[in-house]
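Enquirer: Here it is: the structure, laid out below.
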Amino acid sequence: MYRCEPIIGFLLLTASLGPLASLAHSAQWRLDYEMSAVHRQQGSGALAISNPDETASTRSQKLDLMLSDRGFTVIPGLRQEGEEPVRFDLREAYLDTRLAGLEWSIGRKVLEWDYGFLSRPLSWLGPNQEGAEYSAETLLLAEHYQGMTVWQSGCTVRLYDADELCLVRVEGFSGHVDWQMLGGYEAGWRFGAGGQWIATDALALRLTGSWVQNQQQLGWSANASEAPFYSSTPLHQQEASGFRWNLGTTLTLPMNVELMAEHSWDESGLSHKSWQQIRDQVVQLNDEAASDPGLYAQNLGWLSAAAGREPLSEHRTLLRAQYQPADWQLEALALLLWTDTRPDRIDQLRLTYTALPLTDLELRWRHYPRDSILGELGQEWRFSLQVSTGG
């Protein structure tokens, strides 16, 4: 049975305590609650892990409470997926203060430094694409402002067995261009740069890129025996140096219409050559399935792993149109995965209605490739209710 009582109880409790805390300490607070239901129809593609035409429905809830006072900000959150127990997540908890002529940030904080929607090569301490869930890392960051230019330097503080990321960043404005440059070290050197040019009130162009030494990349060995010793499948993770680029433009038209196009090149994804090897392997598995269906199902695991990872392919293209009349928002999106000379297209339609102030109803439909190297992966319906309040 799907249980929502723990989150509803916490919602009512924090809604009643928040205003009291605000009055007592002049603190700012905000409560965000989202409940969503997703219905998926699984297709019969080579990367599908369930039976053809199988349907699945899941529900989830999430709740975030933001409290901010005297430079200190804390955002605890609760998450629940399906019938899983409620999970607590400390989204952010940091202190912004001034000391010795510098601005300091100490604690768990999300830093969004990129301009992209599809990919964000410069978002080293934030989500790597629009709307992605990201759990903030503990860090120590110093900032110095010099006119329209800001210099930043800091390091993560990871208490688990992992390399720290230390970096230096500078951002400034030159005319109508917002630019930035970064350099850092985390188990290897990394460098990045980018800018956004506001050409007119209606047109913006952006380009960001980074090079990372010893980053995790998807690898493919045509022969399982050629895979690294730590991998039992042809599909595996490997360390290699590579580039990430994102080029995009946004055009704002009359009548609240916005058009966007972006292209991402990420060497951590699978190349055309690797996808061709996957295609050959799929054909072989299909032949084996005729005599041994169990073997076919057993070997699909490593194929489905590719479909669940981002980026799925080295090259991806995003086309997006958005129309906002009054309280409505209609978004049409096409994501092109260049796994072959002809791309696989993932379509998405999203309709959002602001029923009340700070209350949104959203309906989203997503359709996966049908006639492509990925096969027919099916479609997905998603409905969500988002409610916010604050003071």
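The values are calculated or read from the model by the stated rules, or taken from the named source; none is laboratory data. What you are looking at is a predicted structure, and each value in this text was computed from that prediction instead of being measured. Ideal geometry is used to build each Cβ from the backbone, glycine not excepted, and the neighbour counts take in all protein chains shown.
Enquirer: Starting from residues that are crowded, with 19+ Cβ neighbours inside 10 Å and at pLDDT 80 or above, keep the ones in segment 204-241 and report whichever is nearest to Y185 (Cα to Cα).
Expert: So the residue we want is V212.
Enquirer: Additional query: Can you tell me which residue among Y145, Y94, Y134, Y115 is touching a residue at least 60 places away in the same chain (Cβ under 8 Å) and aromatic (F, W, Y)?
Expert: Y115
Results for (1) among the polar types (S, T, N, Q); (2) at pLDDT 90 or above, shown as yes or no for each residue.
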position: R345; (1), (2): no, no
position: Q348; (1), (2): yes, yes
position: D360; (1), (2): no, yes
position: L363; (1), (2): no, yes
position: R366; (1), (2): no, no
position: L374; (1), (2): no, no
position: R382; (1), (2): no, yes
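Enquirer: Related question: Kindly indicate the residue of segment 101-115 that is over 21 Å from the mean Cα position of the chain (by Cα) and either assigned to a loop (DSSP other than H, G, I, E, B) or at negative phi (or both) and also surrounded by the fewest Cβ atoms within 10 Å (Cβ to Cβ) among those meeting that condition.
Expert: Among residues in segment 101-115 that are over 21 Å from the mean Cα position of the chain (by Cα) and either assigned to a loop (DSSP other than H, G, I, E, B) or at negative phi (or both), the one surrounded by the fewest Cβ atoms within 10 Å (Cβ to Cβ) is G101.
Enquirer: Which residues, counting only those in segment 326-362, are β-branched (V, I, T) and over 20 Å from S119 (Cβ atoms)?
Expert: Those that are β-branched (V, I, T) and over 20 Å from S119 (Cβ atoms): T341, T352, T354, T359.
Enquirer: Now, a different point. Residues R158, R87, R169, R98: which one is surrounded by 13 or more Cβ atoms within 10 Å (Cβ to Cβ) and more than 24 Å from G209 (Cα to Cα)?
Expert: R158
Enquirer: Does P127 qualify as being without any contact (Cβ under 8 Å) to a residue 60 or more places away in the chain, within 30 Å of A204 (Cα to Cα) and surrounded by 13 or more Cβ atoms within 10 Å (Cβ to Cβ)?
Expert: yes
Enquirer: Right, here's the next one. For E258, are the conditions met, namely being in contact with a strand residue (DSSP E or B) (Cβ under 7 Å, 6 or more places away or on another chain), at pLDDT 70 or above, crowded, with 17+ Cβ neighbours inside 10 Å and among the acidic types (D, E)?
Expert: Here the answer is no, as E258 does not meet what is asked.
Enquirer: Still on this structure: Is it the case that D96 is modelled with pLDDT of 95 or more, in a strand (DSSP E or B) and of a type in the set (D, E)?
Expert: The answer is yes for D96.
Enquirer: Within segment 309-360, track down each residue that is assigned to a strand (DSSP E or B) and of a type in the set (D, E).
Expert: E331, D344, D347, D360
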